[in-house]
Structure formats: C-alpha cells, structure tokens
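Only one structure is covered here, and it is reproduced in the block below.
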Amino acid sequence: MRRVLVLALAAAGLASLAGCPAKPKSGECKSSQDCLEQQGFGKVCVEGRCQECGADSDCKDGFVCRANKCVPKPQCTKDGDCPQGQRCENERCVAPSADADADAEAKRRAAEEAEAARRAVPAECADASSFIVRFGFDQATLVGDAQPTLQRLAECVKRAPAKRIAIAGHCDERGTTQYNIALGARRAEAARKYLADLGVATKLETVSFGEEKPFCSETTEDCWAKNRRAEFQVER
C-alpha cells in the first residue's frame, strides 16, 4: 500500500513539473518580463534577447539607443545643428581649426579661379558683331562666309561657355512688314539650326525684327545687303 502511495505522489510530481513551462535563461526572452527576472542582462526583450534598449524611449534623458546600447545623445548630425562658426564632426559641434579654415579658403579660391579661367572670353570671341552673317536677296540659306563665321562662333562658345545666345533675323526695307518678319524668322532659324548641328549646347533663342532695325538706311544695294543679316547676342 505504501509503495502504491509513493508511486502516486511521484507521478503527481512529474505531472506537475511537466505542466510548468521552463523559464528562459542565459539572456533569452519572450517578453521584457523574462529579462527582469534575469541578472546580468538588459531589461528589454529585443528579438528574443535581453538588451539594454530597443528604442530611444528605453534610455534615460540625454541618451539614445544605438545598436541596443544607450549612448549619450549626439550634439549634431549636420553643420546646421551647431552654433554659428562651428561644424559637426563625429556628432559633436567643434570649432574649426585655423588650418582647416585656411584649407577651405584655399580650395574656394582655387575653384573660383578655375571657373574664371574656364569662362574667360578670348579677345577674338568678345565682339559679337564679328559673327554677323548676311543673306542673299529674299533668301534664308547660309551662303558665302556665313558657315565659316558660325563655325568660329561655335568654337568660341565651346572655349568660353555661354548661358544663352539670342539670334535676331533682319531684312532690308523691301517687301511688306508681315513678309519681312517671316523672312527674318527663317534667317534666324537657319543660323540656330546650324549652330545646333555644330554641337552648341547653349540655349539658343530666335527673334525676327524684319525691317524694323536696319543696319544702315541708304537706298542702295550695298546698304540693303548689310541689312539682310542675322545678329547674335551672347550672354555669359
């Protein structure tokens, strides 16, 4: 009878132990409560491990969470977070050293000088009036020295880049106002297209003044020939 009683108590004890889940150990956890019951580990459960923190809110004031550790909150992440005259280095605001200031100033000046040299306009490219092209009577095709002139202009723009080139088409006084406006537009467009074909990437704009802005006012063939033209305004 006594043996039966012992066996029954032993079975009950085993059943009782089997019904109690094993507690997490060695820093493992299912919830932060598991971490509170373990010594030597963090008190926040993060992906099954007890860690010091999982978010900034787990840290005390003045600290943030980085790689599950509470570290002092950085002073800055960019120069704009720092007082005037300081810059952000390794998340701390520091005053630049004299050598660093000198290096920065030297780099700035070198860049400005390089840009100025790149944009320097050679003497042969400075006078836009030297690139005027002229057209035959009632024509908008590039003849004579028109193409070589535009080639010189294209080369100058490549050597000294321009922001914009305005091309104005003009006519002599013969023909109606409406006709001359249309003819001047065709002349400006012919020059624009040729420059574009030469690879000029600058913004090219065209306008027609027809007979409204003559180069000269004599009623002669020579003057009329001078008025049939395309002029260029180069903006740098």
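Modelled with pLDDT of 90 or more and either surrounded by 12 or more Cβ atoms within 10 Å (Cβ to Cβ) or not in a helix (DSSP H, G or I) (or both), is that true of residue 144? In short, yes.
Of all the residues in the range 210-229, those that are out of contact with any Asp or Glu (no Cβ under 9 Å at 6 or more places or on another chain) and either of a type in the set (Phe, Trp, Tyr) or surrounded by 16 or more Cβ atoms within 10 Å (Cβ to Cβ) (or both) number 2.
Going by what's in this entry, would residue 138 be described as among the charged types (D, E, K, R), surrounded by 20 or more Cβ atoms within 10 Å (Cβ to Cβ) and in contact (Cβ under 8 Å) with a residue 40 or more places away in the chain? Answer is no for this residue. Filtering the range 161-189 to residues that are under 34 Å from the mean Cα position of the chain (by Cα) and not charged (D, E, K, R) leaves 161, 162, 165, 166, 167, 168, 188. When the residues of the range 34-68 are filtered to those that are loosely packed, with under 14 Cβ neighbours inside 10 Å and of a type in the set (S, T, N, Q), the one that is farthest from residue 91 (Cα to Cα) is 39. Scanning the range 187-210 for residues that are within 24 Å of residue 176 (Cβ to Cβ) and among the small types (Gly, Ala, Ser) gives 188, 190, 191, 208, 210.
For the range 190-208, the set of residues classified as in a strand (DSSP E or B), touching a helix residue (DSSP H, G or I) at 6+ places or on another chain (Cβ under 6 Å) and not small (Gly, Ala, Ser) consists of 204, 206, listed by residue number.
Condition test on residue 45, is it in contact (Cβ under 8 Å) with a residue 12 or more places away in the chain, in contact with a helix residue (DSSP H, G or I) (Cβ under 6 Å, 6 or more places away or on another chain) and not in a helix (DSSP H, G or I)? I'd like the intermediate steps shown before the answer.
On the way: in contact (Cβ under 8 Å) with a residue 12 or more places away in the chain: yes; in contact with a helix residue (DSSP H, G or I) (Cβ under 6 Å, 6 or more places away or on another chain): yes; not in a helix (DSSP H, G or I): yes.
Criteria met by residue 45.
Within the range 187-205, if we keep just the residues that are touching a residue at least 40 places away in the same chain (Cβ under 8 Å), under 18 Å from residue 139 (Cβ atoms) and in contact with a strand residue (DSSP E or B) (Cβ under 7 Å, 6 or more places away or on another chain), the residue that is surrounded by the fewest Cβ atoms within 10 Å (Cβ to Cβ) turns out to be 189.
Within the range 70-103, track down each residue that is surrounded by fewer than 11 Cβ atoms within 10 Å (Cβ to Cβ) and either under 26 Å from the mean Cα position of the chain (by Cα) or at pLDDT 80 or above (or both).
77, 78, 80, 83, 84, 85, 90
Scanning the range 147-177 for residues that are more than 14 Å from residue 194 (Cα to Cα), outside any strand (DSSP E or B), of a type outside the set (A, V, I, L, M) and in contact (Cβ under 8 Å) with a residue 12 or more places away in the chain yields 156, 158, 159, 161, 163, 171, 172, 173, 174, 175, 177. Across the range 161-174, which residue is nearest to residue 235 (Cα to Cα) among those that are in contact with a helix residue (DSSP H, G or I) (Cβ under 8 Å, 6 or more places away or on another chain) and buried (at least 16 other Cβ atoms within 10 Å of the Cβ)? The selected residue is 165.
The values are calculated or read from the model by the stated rules, or taken from the named source; none is laboratory data. As the structure is a computational prediction, the values presented were derived from the model and not from experiment. Glycine also receives a Cβ, built like all others from the backbone with ideal geometry; neighbour counts cover every protein chain displayed.
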